[in-house]
Structures are given as C-alpha cells and as structure tokens.
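Computed from the coordinates by the stated procedures, all read-outs in this text should not be read as laboratory data. All figures in this text were calculated on a predicted structure; none of them were measured in a lab. Here the Cβ is made from the backbone with ideal geometry for all residues, glycine too, and neighbour counts use every protein chain on show.
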Amino acid sequence: MSKKVVAMILAGGKGTRLEALTKKTAKPAVSFAAKYRIIDFPLSNCANSGINTVGVLTQYESTDLDAYVGNGEKWGLNGVHALLTSLAPRQTEEGANWYKGTADAITQNLDFLDENDPEYVLILSGDHIYKTLYNDMIDLHIDTEADATISVIEVDPKEASRFGIMAVDKNDRIVEFQEKPKQPKSNLASMGVYVFTWKVLRKYLVEDAADPKSEHDFGNNIIPKMLNDGLKMQAYRFKGYWRDVGTLASLHQANMDIALDDGMLDLYDVDRTTRIYTQDTYSVPQYIGPVGSITRSIANQGAIILGKVDSCVISSDAVIEEDAECTRCVIMRGARIKVGAKVNNAIIAPDVVVEAGEEINLGKDEIVLISNGGK
Amino acid sequence: MSKVLGICNLHDTPSMGQLTKTRPLGSLSFLSRYGLMDFTLSNFSNSEIDRMVILAENNISAIRNHTLDGNIWINNTRTGFLRILLNEPLLDRPKFNTDIANIQEHYSIIEDNNPDYIILAPTFFLMSFDFRKLIEFHEENGAEITCVYTKTNRGDKEYLNCDSLEIAKNNVITHSRANVGEGKKQNISLETFIFTREAFDKVLALSGKVSSLYGFRKMVSYVINHHRIPVYAYEFDGYVVPILSSYDYADKSFELLKYENRQKLFLENWPIYTTSHNTPPALYGPKAKVKNSFVANGAIIKGEVENCIISRDVIVEEGAVLKNCILFYGSYVGKNKKLEYVLVDKKARVSEVKNLAGSKEKILIIKQGEKI
C-alpha cells in the first residue's frame, strides 16, 4: 500500500561526546528528563503528526535501542496500518556493511522505502529534543512544490559558524548551503530535519551510492548536489524549543530547561496534541520524606527524596538519602546519593552510588559526569 | 503446571459511601497511582496466573478505563487474557446480581478454559500474595476448597463484619461467622478461595438450592457450617491492608506513608502493575515545600504539601497549604487555599473557598468534578 509520508530516524550515531553514558547504549537511547529516552521525542512527534510508518536506523550498540523500539507500542505505532521497525545494517550475500554515512543508511534501506512506496520521506535525527507536528512542514513542501524542504532555526549570529547555514531568498528558497562557515551568510541553521519528494531523493541516493568520492552524507553530499543541480529547495522556519543534545553540557542544559519550568519546553500540555510517550516503569509512587525538600525540579515515580534537592532531574528509583544535597544535577535511574553527600552541576549515570559524605563538583560551573567507571 | 483461572471479584464489596458512588471499589484510586484491583491482578500475574477475569457488579466503563486491554498484567498476550464479565440481565435487580449469578451467566469461560483450579480474590484486602504457595498447600491437602485467612489481635476494632473462622488442628474450618467485634484474637477470612473445578461446580449447583441471593462468600460459609465440603484454611502471615470503610481508606493510606509499613506491602521482586497514562514526571516549583508525601507523575506542585497523597495531573498552586490530604487524578487546589484532612475527588477544583477541614476521624470529601 502506498503511503503519503514515511519517516526515517537516523539513530546510529556513536555519541562519543557523551562519554560513559553511551559506552553501552546508543545516544538516542540515553535517558532524558527523568522518565524519557531521547528518541521518544522524534518518535512521539511522528505519532502526534499522524506519521505511522517509521524506520529507525540503528547501528552502534543497537541491542538496547532495538529492544526499546520494539513493535512501536509505546508510541502507538503498532496500529493496523502502522509500522515501526528498527533497521540495522544488513548482512547480505556480499557481506556485512556498516552505514557509511547518513545518506548511505537510507540507501541501504531502499527496499523498505520501495515497499512502503511513500510520496514523501521525512528524515529525522534520533538525538534532538523538541516537540512539533511535522504537518506544517510537509504542507509547505507540497504547497511550494519543493524537491526538498529543510527545517531551519534562527541561531545567534555569533554562533552561526558552528552550524550548517542556509542562505535563502525572499521566499525562503534556499540559494546556498554553507557547512560551518567562517563567514555565515545567514543565521538560519539546518536542524537535520528534511522532507524529500521520494522519487527525487531515490534518484540522488542511487547516484550518490555509485560515487566513490562521496561520503554518502546528506549535509555534505546530497543537499549540495541537489542545490548545484538547481532543484527546488525550501527552508521551513521552525519556531520553538529545539536542542541537539550531543554533549554532556547540552544534555545537562536541556534537562535543566525542563526542571526549571521556564516555559521553554512544555511537557505538561493539557490538550495532549504533542504529548511525549515513553516506556513506563512499575515503580511505587515517588516519595518525599519528612525532612526532605524538593524545589525547581522534576522527579519520576519510584524516586525517594529524603535529602535536599534543588534544580534537579530525578529519574525513577533514584534515592537521595538524608542530609544529601543535590543542586543542578541530572540523576539517572537507580542512582543513589548517600547520606550527607553533596553534588553540584553533575550528571549521575544510571545505578551509580555516590558514597556518604562525598563532595562532587561544588562551586564549579563545568558539568561533570559520574559513571560507574568514575568521573 | 496446573491450569488456573484467577477471578478478581468486584461483587460483594464493603460500602464506602461517596467514594464508590461513581466507581466500583476495585477502581478506587490508591496511593496516588494505583487502583485497588491492581494488587489482586498483580498477585495473579506475579504468581504466573495468566488467565484472569474480573467479575464486575456494575459500572464496567470505570473498570475498562482502568484496565485498558489488560495486557500489563498478562505475560503472554495470546495464551493469556483479562476478561471483564458483567451480568447484564440482572443489572436492574441488584440483590440477585451476585458473583455466583455472574459466573453462571458466563459459564462458557469455565467450559472453554477447563481450569484445574479456580481462584477467587476480592480487592479490599491489599497484600502481596503468592498464589503458587496457596495452590501447593491446596494440592498437598488434597483439598476441594481452601480459604485464605489472616490472624489478627485487633478483631474488636478491625475486620468488623468480615468472616471469623474456627479452625481445627487439621486445618479444616469448622465454623464461620461474621465478626461483630467480640474478641481481639481472631482468624479472619480474606475472602480468597481456591476451588477444584469439581468443588466450584458443586458450590454453583448448591447455591441454586440454598439461595439465589447468596454469593461465594455466603455460600462458602454455608458449606462450612453445614459440613457439605471440607474447607481448608491457609494462613497468610504477611502484611494485609484491609480497606473496609472510608475511614480505613484514608487511615491506611496515611499509614503507608511510613517507610516500615510500605516495605511490608510492596515487596522486592513483587511489582504492582498499573495502567500507564503517559504523564510527564512530577514538577516542583521554586516555592514548593513537600514533606512526607506520595506524589504521582504529572502533578505540578507549587505550594506546601505535608502528609499528603497526590495523584496524577494534580495542580497545587503557590501559597496553598495542604496537610493530611488525598488528591485524586486531575484535581486542583488554587492559590493560598488551606486544606486539612480533605479528600479532593477526581477533577474536583478548590478555587473559591479559602479553608477546608475535615478530621482524622472523618476526612472531608469534595465530590468528583465539584467546584468549590
């Protein structure tokens, strides 16, 4: 059956900048905001947008992520016409291949896309935190009769040289793409979210696969080639909260953005049009003890807070013992901060125990990661 | 392993007044994220009983809203099931709408599954109970019916109107009568029974001759007192939380705020499963003061909360002070309100009156959906 839109989520990144957090887990499966995993965001966005056929391209340490993706039930993507599947690199008669680049990941799954026969393909990244409905972007793509539409966000002009920058004309048609330019021609950064007309993209992928010089990457190869060929490339201006959580500092900050509830990313949307879905735990409700305190924070069920918590994200089954103090910490599931320990500006990895009386990172602004392998 | 059918019985429940007007007792919210029936269903599930039915007396939609497809309690979703049975023909004749009549109306579920044993358990005795041990005891004694009981030293104050059992040395129950508070030491029936298929059928057949007003509880007492079938007694020596009145409900909820009590009800490796609602984590504002309380996900707490049980999607605004309160799903307490010993039912809003107070003896209930 042909489908209007199929989404492909690139989730194979190694995430080395997240250090020990991604040692045994793919980056999109890293926990976020006390209850979620990062990939819940693009998957829930798809579900809420009515895009019910989704491929998740996994590669590095994919077992955990593949099991998590499962049959899609967590995001409702297991309905009668829905399909969520994780697509790891294949072993074929010619041997086993890793995905050589973002474009190659799609090329290796041409059969999946051909079978679903979409009109449009939505390419997403598995490690972005944002809430959106993709429908407006897809409508813009259709209305402007574009071959490709790239979601862009306005960044601080001083920061622009860190991003892939799109220069546009007065109709937001992309005229030039600059990858991390020294002298950016605009402040519109690519979010790595693309809508392609499938027939057009398919042709480019096949050509790119045959090019031995190509890195088989959307940003470096496919998009510049399409621009060069004069294809119609449209920019879609995304408004709202969007974060790439590729580093410890950005992961920590995005968690803080939610804990401090300054309205940047609303997880509590009452009308439930963009709710984020995830796997639940069967923990007992969270409990705040008789002398504990918790302010400017979020906490998930199963958490036990007997000490003092301010500006923190406390995941399920984490325990903050008596007289322990946590400020600006992201405490992942099952971690325990023992009696009298003090922790500041830290990410505490799952199941880590901070020993009684230990003091970590007090008075410092830099974010530290405490994992079972140490700091 | 034997084939077992687990029946979660929502008939014949104690009256809880206002709290059970709009819902069956089994779906009453407990400790901020559970429904009472979660304990019974999770006990089945953890005991590897994968075929379950809920005998509903009425209000099937409240039960469905809670159980959804039932899959959270089921291990294999092809071979296992959770069915909800409602005796529609007798809905307008509540006296005759007994658990026995309900299972008779749906007897095909027994025929189709042909269980070796049928276990019947209510939802108002909360415990972490391993049915596998009961089955073992039942088989060892070659029993036809076994009844689970607990020993109490507070029979004069607790378990009133429950069945009190006299038990012979060979573990056979010799007499069953209602506990009217005479005597502290008593053996209290937990209204949890295991039947062989034959004994189950015998009880159904006998009920037709004895009284069509009798449910299982009364029929088992009848069988005991008239010596029709030997009924064995199996002692559960674990922690039992009886929810037999609205006083019990509030009192036991607050008691479970104590760590030592909670550890006795919630055992390691014995999860209590409940329906997930995809609510975000609880959010605490800059001026939140929270002490000795349970808080469910989706709650937003900006005020002061002490000795409270706060359910999913509750909002407590800044300046509000809550002590010894129970807030149900989606309820709201506005700025600067002071509440003590108040139960705010589902989706009710306290936004007009300034102070509300009940007492330890009688918690004040703000009705479901009410705005005051």
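Brief remarks on what is shown
- log₁₀ of I(q)/I(0) at q = 0.06, 0.07, 0.09, 0.10 Å⁻¹ - the protein assembly as shown, Debye sum with one point per alpha carbon: -0.45, -0.60, -0.91, -1.05
- Peptide A:297-305 has a mean shielding of 5, counted as Cβ atoms of other protein chains within 10 Å of each residue's Cβ.
- GNM result for chain A, Cα springs below 10 Å: residue of A:302, A:50, A:263 fluctuating most strongly: A:263
- Distance violations [Cα-Cα > 26 Å] among B:302/B:354; A:23/B:264; B:21/B:371; A:364/B:291: A:23/B:264; A:364/B:291
- Under 21 Å from residue A:185, Cα to Cα: lysines that are on another chain or at least 8 residues apart: A:158, A:170, A:225, A:232, A:239
- Reported to the nearest whole Å, the Cα centre-to-centre distance from the range A:72-141 to the range A:185-214 is 14.
- Scaled to the globular estimate 2.2 N^0.38 Å, the Cα spread of the range B:4-261, given as radius of gyration, is 0.95.
- Distance from the Cα centroid of the range B:255-299 to that of the range A:328-356 is 20 Å (rounded to whole angstrom).
- Taking a straight Cα-Cα cut-off under 16 Å and skipping sequence neighbours fewer than 8 places away in the same chain, the aspartates and glutamates within cross-link reach of residue A:27 are A:19, A:40, A:61, A:64, A:66, A:127, A:244.
- Pairwise alpha-carbon distances in the range B:24-121 exceed 21 Å for 35% of all pairs.
- When each of B:133/B:362; A:35/A:182; A:342/B:258 is checked by Cα-Cα distance, pairs over 29 Å: B:133/B:362; A:35/A:182
- Residue with peak Gaussian network fluctuation, chain B [Cα springs, cutoff 10 Å], from B:81, B:294, B:266: B:266
- Most fluctuating residue given options B:279, B:192, B:40, as computed from a GNM of chain B linking Cα atoms under 10 Å: B:279
- In terms of its Cα atoms, the range B:283-366 spans 32, 23, 21 Å along the principal axes, sorted from long to short.
- Per-residue mean of foreign Cβ neighbours for A:273-281 is 3 (Cβ atoms of other chains, 10 Å radius).
- Cα centroid separation, the range A:243-277 to the range B:207-243 (Å): 54
- Inverse of mean 1/r across different Cα pairs in the range A:3-259, Kirkwood, Å: 18.6
- Burial order of peptide ranges B:74-80, B:15-21, A:89-95, A:54-60 (average beta-carbon count within 10 Å, highest first): A:54-60, B:15-21, B:74-80, A:89-95
- Mean separation of Cα pairs under 8 Å and 6 or more residues apart, divided by the residue count, gives chain A a relative contact order of 15 percent.
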